[in-house]
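The values are calculated or read from the model by the stated rules, or taken from the named source; none is laboratory data. All of these numbers come straight from a predicted model, not from anything done at the bench. Every residue, glycine as well, gets a Cβ built from its backbone with ideal geometry; the counts of neighbours run over all protein chains shown.
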Amino acid sequence: MTAFKNNDYSITMVHAMNILRAPLRLSGYQMALCISGSVEMTVSGERVRYKTGNFATFSPFNTLEVLEVSPDYRCILLMFQKNFLTETLNNIYFLERFQLLRNTGIILMELSEAELLLFTARLHRLEGAMRDTTHLFARDIVRSKIIVLLYRLEELLLHRVNEVNNDLNPVGKEKKLADFQDLLTRYYYSERKVSFYAGLLNTTSAQLSKMLYEATGRKAKEHIDDIRLLEAMHLLKAGRYNVSEVSSLLYYKNVEEFSRFFKKKTGISPLRYARDQL
C-alpha cells in the first residue's frame with residue numbers, strides 16, 4: 001500500500017521510520033489498524049500502548065505524542081474530514097451516532113486474527129476506491145465505503161462492550177444495539193417503522209429508542225431516516241432515476257409522501273436536489 005491523499009480523505013501505510021514524533025493536534029478523524037510492532041503514545045494526556053491487531057480511532061482536536069516505537073511498527077492509517085462525510089446529508093450530527101467517534105480520547109479495540117485479516121482487506125479495497133479518481137461518482141463511492149466501515153466497526157465495538165459487561169443478560173443493551181445496526185443495513189430500503197425493528201429485537205419501540213438515544217444521542221426513527229435519506233441522495237445524485245422511481249425504490253406509497261420526507265430533512269425538494277447535481 002502506498003500513500004493516497006487529498007484534502008478530504010487519505011489512506012497510507014505508516015512505518016516506524018516515517019511516524020511523526022513531535023506532538024500534534026488532529027484536524028480530522030483518524031482510524032489506524034496496527035499490522036505489526038507497537039507504539040507507546042499519549043493521547044490528550046492519556047498514555048496508551050498500541051500494538052499488532054489493535055484498531056484505534058482518534059477524534060478531531062485530540063493531541064498525540066509518540067513516546068516509543070518498535071522498529072517493525074507498521075499501521076494502515078485512514079483519515080477523513082467530517083464535512084466530507086456529511087456534505088450530501090445536510091446533517092452535521094451524522095457522525096455523533098457512532099460511539100467509536102464520540103470519545104474525546106482514543107477508542108482502541110483488539111482484533112482477532114480473522115478480524116485483522118478482514119479489516120486489512122476492507123482498507124485495501126477502500127484504498128483502491130480512492131485511487132479510481134476517474135469514476136464519475138468517485139467521491140460518493142469512497143464516502144459510502146467509509147460509512148460502511150464505520151458501521152462495521154461500531155457493531156464490533158458494541159459486541160466488545162457486551163463481552164466486557166458480563167453482568168448483562170444474553171439480550172443485553174449492547175447486543176440489541178449491534179443487532180439493530182445489522183437489521184438496519186439489511187432492511188432500511190423497505191422498512192421504516194421503528195416497530196418493525198423492535199419486533200425483531202423482541203423489545204418495544206419506546207425501549208429501543210431509549211437505548212439508542214442513551215448510546216448515540218439519537219432515537220431509532222432518526223437512525224432509520226438518516227440511512228434512508230443517504231440512500232435517496234445517492235440515487236438522485238446518480239442521475240439514473242427520477243424522483244418517482246426513487247420514491248418507489250424506497251417503498252413510499254406515492255411521490256408526494258417521499259417529497260415531504262426529503263424536504264423536511266434537507267430543506268429542499270428531491271426534484272431540486274436532483275437538478276442541482278447536474
Among (1) of a type outside the set (A, V, I, L, M); (2) in a helix (DSSP H, G or I); (3) farther than 30 Å from Leu136 by Cα, Arg228 falls short only on (3)
Please find, among Ala215, Ala220, Ala274, the residue that is in contact with a Leu (Cβ under 6 Å, 6 or more places away or on another chain) and within 17 Å of Thr185 (Cα to Cα).
Ala220
Which of (1) among the hydrophobic types (A, V, I, L, M, F, W, C); (2) in a strand (DSSP E or B); (3) at pLDDT 90 or above; (4) out of contact with any helix residue (DSSP H, G or I) (no Cβ under 6 Å at 6 or more places or on another chain) is the odd one out, the single condition Leu64 does not satisfy?
(3)
Please verify whether Arg160 is in a helix (DSSP H, G or I), over 26 Å from Val43 (Cα atoms) and either at pLDDT 85 or above or out of contact with any helix residue (DSSP H, G or I) (no Cβ under 8 Å at 6 or more places or on another chain) (or both), treating the condition exactly as stated.
no
What are the residues in segment 67-86 that are within 15 Å of the chain's Cα centre (by Cα) and either part of a helix (DSSP H, G or I) or hydroxyl-bearing (Ser, Thr, Tyr) (or both), if any?
Lys82, Asn83, Phe84, Leu85, Thr86
Among what's in segment 50-63 and is surrounded by 18 or more Cβ atoms within 10 Å (Cβ to Cβ) and under 13 Å from Leu26 (Cβ atoms), pick the residue that is nearest to the chain's Cα centre (by Cα).
Thr57
Out of all the residues in segment 38-68, which are of a type outside the set (S, T, N, Q) and touching a residue at least 60 places away in the same chain (Cβ under 8 Å)?
Val43, Glu46, Val48, Gly53, Phe55
Looking only at segment 17-33, how many residues end up being crowded, with 16+ Cβ neighbours inside 10 Å and either among the aliphatic types (A, V, I, L, M) or more than 19 Å from the chain's Cα centre (by Cα) (or both)?
4
If we scan segment 195-207, do we find a residue that is crowded, with 17+ Cβ neighbours inside 10 Å, aliphatic (A, V, I, L, M) and not in a helix (DSSP H, G or I)?
yes
Report, ordered by the first and then the second residue, all pairs with beta carbons closer than 9 Å, sequence separation of six or more or different chains, a first member in segment 262-278 that is within 21 Å of Leu136 (Cα to Cα), and a second member that is among the aromatic types (Phe, Trp, Tyr) and surrounded by fewer than 17 Cβ atoms within 10 Å (Cβ to Cβ).
Ala274/Tyr241
For segment 208-225, give me each residue that is free of Cβ contacts under 8 Å to residues at least 60 places away in the same chain and either assigned to a loop (DSSP other than H, G, I, E, B) or of a type in the set (Val, Ile, Thr) (or both).
Lys219, Ile224
Filtered residues of segment 241-268 (kept if surrounded by 17 or more Cβ atoms within 10 Å (Cβ to Cβ) and outside any helix (DSSP H, G or I))
Leu250, Tyr252
Counting only residues that are touching a residue at least 12 places away in the same chain (Cβ under 8 Å) and either touching a Phe, Trp or Tyr at 6+ places or on another chain (Cβ under 8 Å) or part of a helix (DSSP H, G or I) (or both), segment 111-147 contains a total of 24
